[in-house]
1. Compute the separation of the alpha-carbon centres of the stretch 1-23 and the stretch 46-122 and state it in Å as a whole number.
2. In nm, what is the difference between 0.36 nm times the number of residues separating Gln53 and His2 and their Cα-Cα distance?
3. Compute the Cα gyration tensor for the stretch 1-64, then decide on rounded, prolate or oblate, letting a ≥ b ≥ c be the square roots of its eigenvalues: rounded whenever a/c is under 1.5, prolate when a/b is larger than b/c in the other cases, and oblate in all that remain.
4. For Ser74 and Glu86 in one chain, what is 0.36 nm times their gap in residues minus the Cα-Cα distance, to one decimal in nm?
5. Specify the longest stretch of the chain that does not include any exposed loop site, a site being one of the trypsin sites (Lys or Arg not before Pro) with a non-H, G, I, E, B DSSP assignment and at most 16 other Cβ atoms within 10 Å.
6. What translational D, rounded to a whole number of µm²/s, comes out for the chain from Stokes-Einstein when the hydrodynamic radius is the Kirkwood one over Cα pairs, at 4 °C and 1.567 mPa s?
7. Before rounding to the nearest 500, sum -39500 (n - 2.57) across all DSSP H runs of length at least 4 in the chain and divide by the residue total; then give [θ] at 222 nm in deg cm²/dmol.
8. Between Thr78 and residues 5 or more places away or on another chain, which pairs have amide H atoms under 5 Å apart, with H built 1.01 Å from N, and which residues are they?
Amino acid sequence: MHISSATLANTLRTIDSYEGCADDYSRIVDQFPWPSLEAALRQVATAAGKGGQILEIGSGAGWDADFLETQGVSVRRTDATRRFPELQAARGKKGELLNVITDDLGGPYDAVVALCVHTCAS
């Protein structure tokens with residue numbers, strides 16, 4: 001697949017913006033999902049099945065993965081920034097770098113979750 005230089009440049013700008021605000025973002029995002037999101041995450045976990053493997057793209061602080069794991073699924077926590085996996089590691093969670101534009105996603109997965117994947121304004 002060919003990826004334009006403009007797309008790659010936009011991706012790098014997005015990643016850089018998150019690198020600059022990851023700590024603040026992690027502090028302001030609620031650790032527990034809102035009721036509507038909780039219901040959606042429960043549906044994803046049910047669809048994946050007990051012990052199912054979920055790929056989370058843009059895990060950020062990892063709060064949604066934390067909730068999903070309480071539902072009996074395994075979550076591959078990924079983010080394109082370095083800081084978010086570091087923040088998760090500080091809580092004893094394993095996150096890894098993954099750029100969905102340039103990296104192999106691996107798999108197979110029983111479900112994929114990508115929530116709030118956007119740029120941060122400074």
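1. One Cα centre to the other: 18 Å.
2. Values: separation 51, 0.36 × 51 = 18.36 nm, distance 2.87 nm.
Residue separation times 0.36 nm, minus the Cα-Cα distance, leaves 15.5 nm.
3. It comes out oblate by the Cα gyration axes.
4. 2.4 nm
5. Working: sites that count: Lys50, Arg82, Arg91, Lys94.
For trypsin sites (Lys or Arg not before Pro) (loop position, at most 16 other Cβ atoms within 10 Å), the longest site-free span of the chain is 1-49.
6. 87 µm²/s
7. -14000 deg cm²/dmol
8. Glu56, Gly58, Ser59, Glu96
Every number here is computed from the coordinates shown, using simple stated rules; none is lab data. All figures in this text were calculated on a predicted structure; none of them were measured in a lab. Here the Cβ is made from the backbone with ideal geometry for all residues, glycine too, and neighbour counts use every protein chain on show.
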